[in-house]
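Read the structure below first, then the notes.
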Amino acid sequence: MKAKVSQISPDKLYASLLKRKSEQEQQARLKSPIVTTNKYLVPSNRNGSGNSKIEAKKTRPASGKDLKDISSVLLKKTHARQNSKLIETKENTQNLSANALSLLLKIKQDKPETKQPVIQQNKDIFNQQAISKKYQKLMEMTKQQQQSIVKSKLFKGPRSISNPDISNLQLYIKKANGLSSPGMLYNGQSKTNQDIFKLINKFINKENDWYIQVSDGHGTNGHQVAQFLQQVLPSFIEQGIMSISSCYDRDKQINTILKNCFIQTNEELLDSGIDVTYSGATTVTVISFENVLYCANIGDSRAIIGRFDNKLSVIELSKDHKPDCFLEQARIIQRGGRVQAYSDEDGNPVGPARVWKQDEDVPGLAMSRSFGDYVASQVGVICEPEIIKHALLPCDKFIIVASDGIWEFLSNEWVVETVYEYYKKDDTQGACQRLVQAAKEAWQREDEVIDDITVVIAFIK
């Protein structure tokens, strides 16, 4: 007997299959561990009562068997894309954690051990403190040594850029000599010598201190003026320097004393009874206080040093005061004088520049500073000295102080070269004679007269 087969329409059959498939998917969803443990994977198609959400929270964790089917289930679900991202994120997180841990271990192993900076800093501080203590102790010793030197040496010069003081060397004049020779007139007769020099050893009662002075008189009574200066000026200077009671600012004190002594000497000269209306004298002095020299000068006499440092050279201790020097001429013009040389018949200048009164052709003085010379002093000629200090160096060999009779035709360089040959023989007298003779010969070649010639040479030890 044949069974009856019910006839089902295709639409009902398709609906039935969809329903069964939906039920299977729902059961599989409830069994999935990811769905039950992750709040973000709760099904979005809730029923009206919300039972699926409550059941998802109460569901136990999935077993190992369920985990095996997770990939197949996720591939069939509508949230497969989201689930795949979560799986990859979890795996990546685990991998990153393992990689980070291994990287930290490697860095720790490779990182070299460094010393504690605090210990090094403390050590540096200790070293700095020790150095600071040593430096302070050294400075105290140096200060004490300088104080003892100043007490024992009143005129020890300070350091300077041009002339540094050599404190550990005793440089002084070991010997000195001088020579003076009268000039000659137009007719060949010898004239009255108006030059004069003075040498004082143990000046202000000190063994190695010297006083050197050269004065060159001019005018009718020039020789009397020079002799007066030889007697008065050194005593004034010695008294002034002896009056110094402290070493404080001693350079300024010595400069002031020298200037005051020159002015005081000139005042005494004006009251001496010597007629100085048109007569006067130039003067250059060199005072040696052990290894320091002070040169005070007015006029055109000159003092220089011969230095040998691999080669010979000249150090000037004074400057010539000529009327046509800029500052000298400005002062003379300001005080009502004029500066002009003699003129020939055609008006051409002849000879050196001279000082004249503005409205008279007197006095015609060929220097801008001098003692006496009363008329010239009314138009800017002064007796205030220019002072130069010089600290002796080991390469300074000798000092030459002379009147313009030497310097008129002999150069500084030639004079130094000539004296150096006698310095090597330790012959001051021979050096003086040689210079005086050479100057006379030069005057005879260059002029019709011979001026008075005076020179002092001192050798330095």
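Taken together, the residues in region 191-237 that are part of a helix (DSSP H, G or I), at pLDDT 95 or above and open to solvent by 10 Å² or more (accessible area, probe 1.4 Å) amount to 9. Scanning region 341-379 for residues being more than 47 Å from the chain's Cα centre (by Cα) and assigned to a loop (DSSP other than H, G, I, E, B) gives a total of 10.
Can you pull out the residues in region 178-189 that are within 19 Å of GLN227 (Cα to Cα) and outside any loop (DSSP other than H, G, I, E, B)?
Going residue by residue through region 178-189, those that are within 19 Å of GLN227 (Cα to Cα) are 178-183.
GLY178, LEU179, SER180, SER181 - these are the residues of region 178-189 that are within 19 Å of GLN227 (Cα to Cα) and outside any loop (DSSP other than H, G, I, E, B).
Here is the figure for region 443-461: residues that are within 14 Å of MET184 (Cβ to Cβ) and either surrounded by 18 or more Cβ atoms within 10 Å (Cβ to Cβ) or of a type in the set (Val, Ile, Thr) (or both) total 6. Mind listing just one residue for me: the one in region 234-259 that is over 32 Å from the mean Cα position of the chain (by Cα) and of a type in the set (S, T, N, Q) and, of those, farthest from THR283 (Cα to Cα)? The residue in question is SER245.
Please go through region 285-339 and give me each residue that is on the phi < 0 side of the Ramachandran plot and polar (S, T, N, Q), ordered by number. Write out each step before concluding.
So the first thing to find is which residues in region 285-339 are on the phi < 0 side of the Ramachandran plot, and the list is 285-289, 291-298, 300-309, 311-335, 337-339.
Residues satisfying the conditions are THR285, SER288, ASN291, ASN297, SER301, SER313, SER318, GLN329, GLN334.
Pull up region 164-190, narrow it to residues that are at pLDDT 95 or above and in contact with an Asp or Glu (Cβ under 6 Å, 6 or more places away or on another chain), then point me to the one that is most open to solvent (accessible area, probe 1.4 Å). Here the answer is PRO182.
Among the residues of region 411-427, the ones that are crowded, with 22+ Cβ neighbours inside 10 Å and touching a helix residue (DSSP H, G or I) at 6+ places or on another chain (Cβ under 9 Å) come to 2 in all.
In region 311-340, what residues are part of a strand (DSSP E or B) and either of a type in the set (Lys, Arg) or surrounded by fewer than 14 Cβ atoms within 10 Å (Cβ to Cβ) (or both)? I'd like the intermediate steps shown before the answer.
Let us first name the residues in region 311-340 that are part of a strand (DSSP E or B), namely 312-316, 337-340.
The one that is part of a strand (DSSP E or B) and either of a type in the set (Lys, Arg) or surrounded by fewer than 14 Cβ atoms within 10 Å (Cβ to Cβ) (or both): ARG338.
Being without any contact (Cβ under 8 Å) to a residue 24 or more places away in the chain, open to solvent by 10 Å² or more (accessible area, probe 1.4 Å) and over 30 Å from GLY364 (Cβ atoms) is a property that GLY240 has.
Every residue, every condition in (1) touching a Leu at 6+ places or on another chain (Cβ under 7 Å); (2) part of a helix (DSSP H, G or I); (3) of a type in the set (Asp, Glu), yes or no:
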{"residue": "VAL416", "(1), (2), (3)": "yes, yes, no"}
{"residue": "TYR422", "(1), (2), (3)": "no, yes, no"}
{"residue": "LYS425", "(1), (2), (3)": "no, no, no"}
{"residue": "GLN429", "(1), (2), (3)": "no, yes, no"}
{"residue": "GLN437", "(1), (2), (3)": "no, yes, no"}
{"residue": "GLU441", "(1), (2), (3)": "no, yes, yes"}
{"residue": "GLN444", "(1), (2), (3)": "no, yes, no"}
{"residue": "GLU448", "(1), (2), (3)": "no, no, yes"}
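Test of understanding: among ALA439, ALA431, which residue is at pLDDT 95 or above, over 24 Å from MET367 (Cα atoms) and buried (at least 20 other Cβ atoms within 10 Å of the Cβ)? That would be ALA431, the only listed residue that is at pLDDT 95 or above, over 24 Å from MET367 (Cα atoms) and buried (at least 20 other Cβ atoms within 10 Å of the Cβ).
Just to verify a result, which residue in region 394-410, among those that are among the charged types (D, E, K, R) and touching a strand residue (DSSP E or B) at 6+ places or on another chain (Cβ under 8 Å), is surrounded by the most Cβ atoms within 10 Å (Cβ to Cβ)?
Top of the filtered list is ASP404.
The values are calculated or read from the model by the stated rules, or taken from the named source; none is laboratory data. Keep in mind it's a predicted model, so treat the numbers as computed, not measured. Heads up, the Cβs are rebuilt from the backbone with ideal geometry, glycines too, and the neighbour counts pull from every protein chain shown. These area figures cover heavy atoms from the full protein model, side chains too; ligands, DNA and RNA do not enter into them. Shrake-Rupley method; radii C 1.70, N 1.55, O 1.52, S 1.80 Å.
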